[in-house]
Amino acid sequence: MDIPATRGIPTSVVEKTAIRKIAIRIVPFVALMFFINFLDRTAISFAAPNGMEADLGLTAAQFGFASGVFFVGYLVLEVPSNLALHKFGARIWLARIMITWGLVSLLFTWVQNYPQLVGLRFLLGIAEAGFFPGAILFLSTWVPARHRGKMLALFYLAQPLTSVIGSPLAGWLMTHEGLLGGLAGWRFMFLCVSIPAIIVGILCLFVLKDKPSQAKWLDEDEKTWLEGALAKENAAKSGNGHAKGGLRAAFGSGRVWMLAAVYFGFIYGLYALSFFLPTIIDGFQEQFGTTFDLFQKGLITAIPYVPAAVVLYFWSRDAFRRGVRVWHIAVPALVGGLSIPVALYMNSPAATVAVIAITASAIFAALPNFWTVPTQFLTGAAAAAGVALINTIGNLGGFAAPYITGAVSEWTGGYQVPMFIVGFFMVLSSVLMFVLGRNTKKRDQQDAAATGAATTVQETA
């Protein structure tokens, strides 16, 4: 980067200190928001096999539909919410999202029947709409492209850590049956995981800033370098035909739609795993004759996500060192797709959890690297719309996976067939990513050839 410092300090030093400060001051807080977000939306998966299904009289298909209907509300407002974030600023809009989803999540404490559960899940999706793509967009407005993969990896660590920490925590909370006003354990768990969203949402108004120039913890050299580097990137992207035009550019981009299809497979695998893993573990007693208490089930649910967090970090570190390649995304998708159906054919709980750990590691290795791709060719309103559109279409998998998994398992009497469906979608994502990479490489070569021809004409003239 040839962005000058303002007081004679070497640019490389300014760059290093600016990125380090962002990694310390912004990324952990946004990751905490993501941690709470994922815990709140998946809390139903812990509650279902531990009292909620029995208390509300839910079938497997009803649980699957209630889990997935969250994404219907989420999808309705995803793109408008991200455009509102672009207009009003991340600080205010992300705070609004967190506070409203915390309030809706709190109401699950007193849900009485299946229709109420479905209604609250739908409202929770509306309340949360725009958070994830908004967080991705926010980080992209602070971090230049060559550092973005590393920052997104640190941000994405919150998701597997939600299960590593959240699963035992949820199990522990549910052991406190009747502690508060006679609440069932699963109701007490909903109460406890909802309050942090409201608190952190309020803190968001004071902690986050919309752009580097507003951050008092950056010195003038660091602000100058960051704003110059980001402006230079945006100027370079403005000529690629996708960067401007907002919704029109995003909806008209074949690359955006292809990425949305790829993301669909990732999310299908992620949420099939997230929503039904506690149920699969609960079935170990019938399948293998083993018995676990609530806290032990929480610990077992957390096990696959420990190696997933480690693999995510080191795989993303390699992608940062080499530059993100197509295989950084496509190969993990292929491994995850091939491994997940195998899990249910193992002959012990340990072997089953080990294979599920491979699947979880594969999914989380791919995701942060995937999200570096859209912001490589989109900026401004087009980035807001494009990232939201990819997340919107991809999250159709969040609705489809729980519902199809629950319905097919009820129909077939097991989870083998649903897991083959999960594997199919993840393998399809791998194939589509390889195709996208090949097409992008061919397009770049054509653009380079056209640019070279134009330069030759100008020199001749």
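The values are calculated or read from the model by the stated rules, or taken from the named source; none is laboratory data. Just so you know, these numbers come straight off a predicted model, no measurement behind them. Here the Cβ is made from the backbone with ideal geometry for all residues, glycine too, and neighbour counts use every protein chain on show. All accessible areas refer to the heavy atoms of the entire protein, side chains included, with ligands and DNA or RNA removed. Shrake-Rupley method; radii C 1.70, N 1.55, O 1.52, S 1.80 Å.
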Excluding ligands, DNA and RNA, what is the solvent-accessible area per residue of the chain at a probe of 1.4 Å, expressed in Å²? 40
Residues of the stretch 278-315 with amide N under 20 Å of the 7 Å Cα→Cβ point at HIS176: 293-299
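So, R0 is 25 Å and r is the distance between the beta-carbons of ILE199 and GLN116; what FRET efficiency does that work out to, to 0.05? Please list the in-between numbers first.
On the way: r = 25 Å, r/R0 = 1.02.
The value I calculate is 0.45.
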Residues of the stretch 82-96 with the amide nitrogen closer than 17 Å to a label point 7 Å from the Cα of LEU103, along Cα-to-Cβ, please. 92-96
So how far apart, in nm, are the two label points at TRP217 and PHE88 if each is 7 Å from Cα heading toward Cβ? 2.5
For the pairs LYS16/LYS87; LYS87/LYS223; LYS87/LYS442; LYS16/LYS216; LYS223/LYS442; LYS16/LYS232, note any where the Cα-Cα span goes beyond 28 Å. LYS16/LYS87; LYS87/LYS442; LYS223/LYS442
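List the residue ranges in the chain for DSSP H helices whose C-alpha atoms run 15 angstrom or more along the long axis and whose Kyte-Doolittle average is 1.0 or above.
Numbers: long enough: 11-25 (21 Å, 0.20); 27-47 (30 Å, 1.51); 60-88 (41 Å, 1.03); 90-106 (24 Å, 1.29); 114-128 (21 Å, 0.89); 145-156 (17 Å, -0.16); 158-174 (22 Å, 0.88); 185-207 (34 Å, 2.20); 220-237 (26 Å, -1.11); 254-282 (43 Å, 1.33); 305-322 (25 Å, 0.25); 326-339 (20 Å, 1.50); 349-370 (31 Å, 1.67); 380-394 (21 Å, 1.49); 396-412 (23 Å, 0.59); 416-460 (67 Å, 0.32).
Counting only whole DSSP H runs, the qualifying helices are 27-47, 60-88, 90-106, 185-207, 254-282, 326-339, 349-370, 380-394.
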When you count, for each residue, the other Cβ atoms within 10 Å and take the mean per peptide, how do 258-264, 103-109, 209-215, 358-364 rank with the highest first? 358-364, 258-264, 103-109, 209-215
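Compute the relative contact order of the stretch 134-231 as a whole-number percentage, counting only Cα pairs closer than 8 Å that sit 6 or more residues apart in sequence.
Values: 48 pairs, mean separation 28.5, N = 98.
Rounded, it is 29 percent for the stretch 134-231.
If packing is taken as the mean number of other Cβ atoms within 10 Å per residue, what is the order of 143-150, 346-353, 398-405, highest first?
Values: 143-150: 20.0, 346-353: 15.0, 398-405: 25.0.
Most protected by this proxy first, the peptides run 398-405, 143-150, 346-353.
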Structure-based [θ]222 nm, the chain - -39500 (n - 2.57) summed over DSSP H runs of at least 4, per residue, nearest 500: -26500 deg cm²/dmol
Which whole-number percent gives the relative contact order of the chain, counting Cα pairs below 8 Å spaced six or more residues apart? 26
Nearest-10 value in Å² for the accessible area of ARG438, using the 1.4 Å probe: 150
Given charges at beta-carbon only (K, R positive; D, E negative), |dipole| of the chain in Debye: 1340
Put a dot 7 Å past each Cα toward the Cβ at PHE251 and ASN234; how far apart are the dots in nm? 2.4
Signed unit charges on C-beta, dipole axis of the stretch 94-221, positive-most listed residue ALA170, ALA129, LEU203: ALA129
Where labels lie 7 Å past Cα in the beta-carbon direction, separation of PHE206 and GLN285 in nm: 4.6
Projected onto the charge dipole of the chain (unit charges on the beta-carbon of Lys, Arg, Asp and Glu, signs +1, +1, -1, -1), the Cα from LEU299, ALA84, ALA333 with the largest positive-side position is that of ALA84
